[in-house]
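Asker: Following this message is one structure expressed as structure tokens.
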Protein chains: 4
Amino acid sequence: MISVQRLDAADAQLMLAGARACATEIGVPMCIAITDEGGNLVAFERMDGGKVTSITIAIDKSFTASGAKRATHDYGAASQPGAPAYGIASAIGGRLMVVGGGLPVMVDGACVGGIGVSSGTADQDMQVARAGVDAFLASL
Amino acid sequence: MISVQRLDAADAQLMLAGARACATEIGVPMCIAITDEGGNLVAFERMDGGKVTSITIAIDKSFTASGAKRATHDYGAASQPGAPAYGIASAIGGRLMVVGGGLPVMVDGACVGGIGVSSGTADQDMQVARAGVDAFLASL
Amino acid sequence: MISVQRLDAADAQLMLAGARACATEIGVPMCIAITDEGGNLVAFERMDGGKVTSITIAIDKSFTASGAKRATHDYGAASQPGAPAYGIASAIGGRLMVVGGGLPVMVDGACVGGIGVSSGTADQDMQVARAGVDAFLASL
Amino acid sequence: MISVQRLDAADAQLMLAGARACATEIGVPMCIAITDEGGNLVAFERMDGGKVTSITIAIDKSFTASGAKRATHDYGAASQPGAPAYGIASAIGGRLMVVGGGLPVMVDGACVGGIGVSSGTADQDMQVARAGVDAFLASL
């Protein structure tokens, strides 16, 4: 058997709080999703004003980042026309997200989960996701 | 135009806290989902030990209860063989849940959202969902 | 964070071998799926003569058993007309399997994965799934 | 009626072994899927460390290659903006894969199945898929 470490419910609350604080600071209400290292949802919050379409997008960004152990914006670069991963955006029923805002949570070189943020620009989503990850890493 | 009242993010946190406390008391880690009156997810939490399969089930119970303004267990009774709603369980790609654990949140006769709980028996799920609704109603 | 143990690729091969041997012995070519404790596929084999329809069924039985930490035949009993989980069979887009042949793999009280078998009768599927689990447990 | 030749379970094991050996050699744990000429899954393996998101992607690359009798990277070229197959990547609910790593298995001009590999770069996936096909062809 393999032993793995993954985010627990308390970790997810830390991440939601960190992301929420950043979203409030920049004035963009967000949808924020936290998944474990198997890509399964642990926690989700839609801030007042967060977009309805962003519910699924945030969950799928987190799924992609934790399942692929890779930031979603990396897929954005790799999937441009002519690039090797062109067309990957519609994989897994469209769940594979290539837009920024999904980050894996890496601890000691292993992926323990992910976060996905949506409702702002890709840059804003990435900034808020980063704040969520940082809040968790600061607690270790 | 119509003015509607719906659960906000703070209400959802109250409901999660009430449901979580009840789940802890009965010793069953749960997946808990809160949706607004449009059936759209506001908040979700998988407690440590909550079932992976219950992620979608909790969300869909809440979707059903808020979207249909009706407890999911009412559909359970109405969808038995020979009953008028027989077969409804597979509607909406299987999202329409007829198992107990989904409750609408009614205020002054209007549905303002819903809660869905999964991971225990149907009775346990219903009890925890009830605790979530009560926590919100007590705050009004 | 939580530390969890899960089936690895070598464990999955042991389970496939055990299940395959049993299927050969009873003369029923099977589809056999192994998932980890997050419900994600680790290994799959369709024996020559296994049913095409059973590919998804075997995978979903294993997903259900590992994700819900429960044998699929237990859901069969609990979801009969009039029973509390009636209607659960169409949950998660129909992935929630209530037909026998899906078993969780429990080690020291924790679910580390699952197996799903399909192509025979429910009893045959359960027997072959049991053989797969036993082959793994005997290796510990 | 038509007589067709297709990969059997033993062929699939040869292909998995060939692909696994190559993946180990280049140091990239992969998801590897083998389908028959009908596009139906025969065998699958997620090596320890293979990506969760790559489970479906590997299966769909193999489905695409065997079902269309064409390498998935050929679709990548044909589906660039302005090219005739532009937009094909989202066909079949996103199952039609245009990223490299899916190869048909051709014998005497006929497609007898396919292989799909995912978790590395497109080039690595293609290399490992090639090794899987070669292992089978060498056995003829």
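The values are calculated or read from the model by the stated rules, or taken from the named source; none is laboratory data. The model shown is predicted, which means the values in this text are computed figures rather than measured ones. Neighbour counts run over all protein chains shown; Cβ positions are idealised from the backbone, glycine included.
Asker: Residues that are more than 14 Å from chain C (Cβ to nearest Cβ), touching a residue at least 12 places away in the same chain (Cβ under 8 Å) and buried (at least 24 other Cβ atoms within 10 Å of the Cβ), at least 3 per element: which strands (runs of 3 or more DSSP E) completely within segment A:2-69 meet that?
Answerer: Working: elements: A:2-6, A:31-36, A:41-46.
Fully inside segment A:2-69 and qualifying: A:31-36, A:41-46.
Asker: Take the residues in segment C:86-107 that are in contact (Cβ under 8 Å) with a residue 40 or more places away in the chain and within 30 Å of B:ASP74 (Cβ to Cβ), then tell me which one is surrounded by the fewest Cβ atoms within 10 Å (Cβ to Cβ).
Answerer: Start the filter on segment C:86-107 by keeping residues that are in contact (Cβ under 8 Å) with a residue 40 or more places away in the chain, which leaves C:97, C:99, C:101-102, C:105, C:107.
Next cut, within 30 Å of B:ASP74 (Cβ to Cβ) only: C:97, C:99, C:102.
Numbers: C:MET97: 30, C:VAL99: 19, C:GLY102: 35.
Among those that are in contact (Cβ under 8 Å) with a residue 40 or more places away in the chain and within 30 Å of B:ASP74 (Cβ to Cβ), it is C:VAL99.
Asker: Counting only residues that are surrounded by fewer than 24 Cβ atoms within 10 Å (Cβ to Cβ) and of a type in the set (S, T, N, Q), which one in segment C:70-85 is farthest from the other protein chains (Cβ to nearest Cβ)?
Answerer: C:GLN80
Asker: Hey, another quick one. A:SER54 fails exactly one of the following numbered conditions: (1) at pLDDT 95 or above; (2) under 22 Å from D:VAL98 (Cα atoms). What is the number of that condition?
Answerer: Going through the list (1) at pLDDT 95 or above; (2) under 22 Å from D:VAL98 (Cα atoms), A:SER54 breaks only (2).
Asker: Looking only at segment B:1-31, count every residue that is within 22 Å of B:GLY67 (Cβ to Cβ) and among the β-branched types (Val, Ile, Thr) and tell me the total.
Answerer: Going through segment B:1-31 one residue at a time, the tally reaches 2.
Asker: Here is a follow-up. On the given criteria, is A:GLY114 in contact with a Pro (Cβ under 6 Å, 6 or more places away or on another chain), surrounded by 24 or more Cβ atoms within 10 Å (Cβ to Cβ) and modelled with pLDDT of 95 or more? Write out each step before concluding.
Answerer: Values: in contact with a Pro (Cβ under 6 Å, 6 or more places away or on another chain): yes; surrounded by 24 or more Cβ atoms within 10 Å (Cβ to Cβ): yes; modelled with pLDDT of 95 or more: yes.
Yes.
Asker: Does any residue of segment C:90-104 turn out to be more than 7 Å from every other protein chain (Cβ to nearest Cβ) and part of a helix (DSSP H, G or I)?
Answerer: no
Asker: Kindly establish whether D:GLN13 is over 13 Å from D:CYS111 (Cα atoms) and at pLDDT 95 or above.
Answerer: On the way: over 13 Å from D:CYS111 (Cα atoms): yes; at pLDDT 95 or above: yes.
Answer is yes for this residue.
Asker: State all residues of segment A:116-140 that are outside any helix (DSSP H, G or I) and of a type outside the set (Gly, Ala, Ser); if no residue qualifies, say none.
Answerer: Hits for segment A:116-140 are A:VAL117, A:THR121, A:LEU140.
Asker: How about segment A:53-112: which of its residues are within 24 Å of B:ALA43 (Cα to Cα) and aromatic (Phe, Trp, Tyr)?
Answerer: The one that is within 24 Å of B:ALA43 (Cα to Cα) and aromatic (Phe, Trp, Tyr): A:PHE63.
Asker: Checking the conditions here, which among B:ALA122, B:ALA83, B:ALA110 is without any contact (Cβ under 8 Å) to a residue 12 or more places away in the chain and not acidic (Asp, Glu)?
Answerer: Just a single option satisfies the conditions, and that option is B:ALA83.
Asker: Next question, about the same structure. What number goes with the only condition from (1) in contact with a Ser or Thr (Cβ under 7 Å, 6 or more places away or on another chain); (2) among the hydrophobic types (A, V, I, L, M, F, W, C); (3) crowded, with 24+ Cβ neighbours inside 10 Å that A:VAL128 does not pass?
Answerer: (1)
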